[in-house]
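Just below is one structure, and these are the notes that go with it.
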Amino acid sequence: MAATPWLTVRQGTAPLLVSIPHTGTDLADIESRLVSTWLGRRDCDWWIDKLYDFAADLGATIVHTAISRTVIDVNRDPSGASLYPGQATTTLCPTDTFDGDPLYRMGEEPTPSEIDQRRETYFKPYHAALKAEIDRLRGMHENIVLYDCHSIRSVLPRLFEGTLPVFNLGTNDGKSTGPVLQQKVAGVLAATGETWVVNGRFKGGSITRTFGQPQNGVHALQMELANRGYMREPAEKGSAENWPVPYDPTYAAPIRATLKQILETAIDWAGR
C-alpha cells in the first residue's frame, strides 16, 4: 500500500480499479475563507468509502483522496469546461454548493493562479495514480474495469428534476465500456427492484471519460447512488444538525450486497 497524507493507493491484483474521489473532508486550510465548514463538506459523497470497504477483499485496487471536492473536484474537466453543457453543475474549484449556496465569503473565492496550484497539487497526482494503476493492472490482465464510486442527494432541483433513481450507471453513452459489461451490470440493477437508469442525468465524469478506453482494454463505469439507497436521508435539504446522517451498516446492507455483486460481475467479466 502506497500512501501520502491525502492520497491513498491500495494495490490489488484483480482486474478491478475502484476510484473514490469525493469522500474527502480535508479542506486544505481554506476553512477561514468559507461561509462555513459544514457547507464546505455538505456535498461530500458521504460514507461511500465505508459502503465499498469490501472491495479490498475482492482483490481490487483502490485509489482514494482525502481532499474535499470543495478544494478541487478531481472528477471535473481540468480545463474547467462543463461536462454537461447547458445543465447546472459544479466546477473544477466550485464556488457554490449543489443547492447554489455560496461556499466562500465575499472576495475569498479562489483566483485563477490558485486554481492552477490546486490542479498541480491535487488533481494531477490523483489522475497520475489512476493512470499508474491502470498501466500496472493492464500488464497483468487483457481487460480491466475502472469503477468510479459516487453518491448524491435524492432531490436536488438545481441539478435535476424530480427524484433521482437509486442506481445511476454512467458509461459516457456507451463510449467508456463495451456493451456486454454494461448489459451485465444493468441486469444486476434490474433484478434489485429499485429504480435505476443507464446514462441518465449522470453519464460519467472526467475520470470515466478520460480513462474509459475499451479499445485498449480499459472499461470504465461510474455509479452514482442516490443517498436514500443506503442512508436515512432527510426529506428536506438538510442542516448542520441532521446532515450527514450517521452510517448505519444494517440499513446499508441491502445495497452493499448489490454493489458487491456488481463488482464481482465486473471482475468475472474482465477475467473471462
Residue count, the stretch 118-154 (criterion: closer than 24 Å to residue 68 by Cα and either acidic (Asp, Glu) or at pLDDT below 95 (or both)):
3
Report whether or not residue 185 is surrounded by 22 or more Cβ atoms within 10 Å (Cβ to Cβ) and either under 26 Å from residue 66 (Cα atoms) or touching a residue at least 60 places away in the same chain (Cβ under 8 Å) (or both).
yes
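Quick check, is residue 255 within 20 Å of residue 18 (Cβ to Cβ), over 16 Å from the mean Cα position of the chain (by Cα) and buried (at least 16 other Cβ atoms within 10 Å of the Cβ)? Walk me through it before giving the result.
Details: within 20 Å of residue 18 (Cβ to Cβ): yes; over 16 Å from the mean Cα position of the chain (by Cα): yes; buried (at least 16 other Cβ atoms within 10 Å of the Cβ): yes.
Against the criterion (within 20 Å of residue 18 (Cβ to Cβ), over 16 Å from the mean Cα position of the chain (by Cα) and buried (at least 16 other Cβ atoms within 10 Å of the Cβ)), residue 255 qualifies.
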Can you find a residue in the stretch 23-30 that is without any contact (Cβ under 8 Å) to a residue 40 or more places away in the chain, farther than 17 Å from residue 225 by Cβ and of a type outside the set (Asp, Glu)?
no
Regarding the stretch 198-220, can at least one residue be identified that is in contact with a strand residue (DSSP E or B) (Cβ under 8 Å, 6 or more places away or on another chain), modelled with pLDDT of 95 or more and farther than 26 Å from residue 130 by Cα?
no
Scan the stretch 42-64 for residues that are within 16 Å of residue 150 (Cβ to Cβ), of a type outside the set (A, V, I, L, M, F, W, C) and in a helix (DSSP H, G or I) and jot them down.
42, 49, 50
Take residue 172 and tell me if it is at positive phi, modelled with pLDDT of 95 or more and of a type in the set (S, T, N, Q).
yes
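The values are calculated or read from the model by the stated rules, or taken from the named source; none is laboratory data. Since we're looking at a predicted model, the values are computed, not measured. Virtual Cβ from ideal backbone geometry, glycine too; neighbours counted across all protein chains shown.
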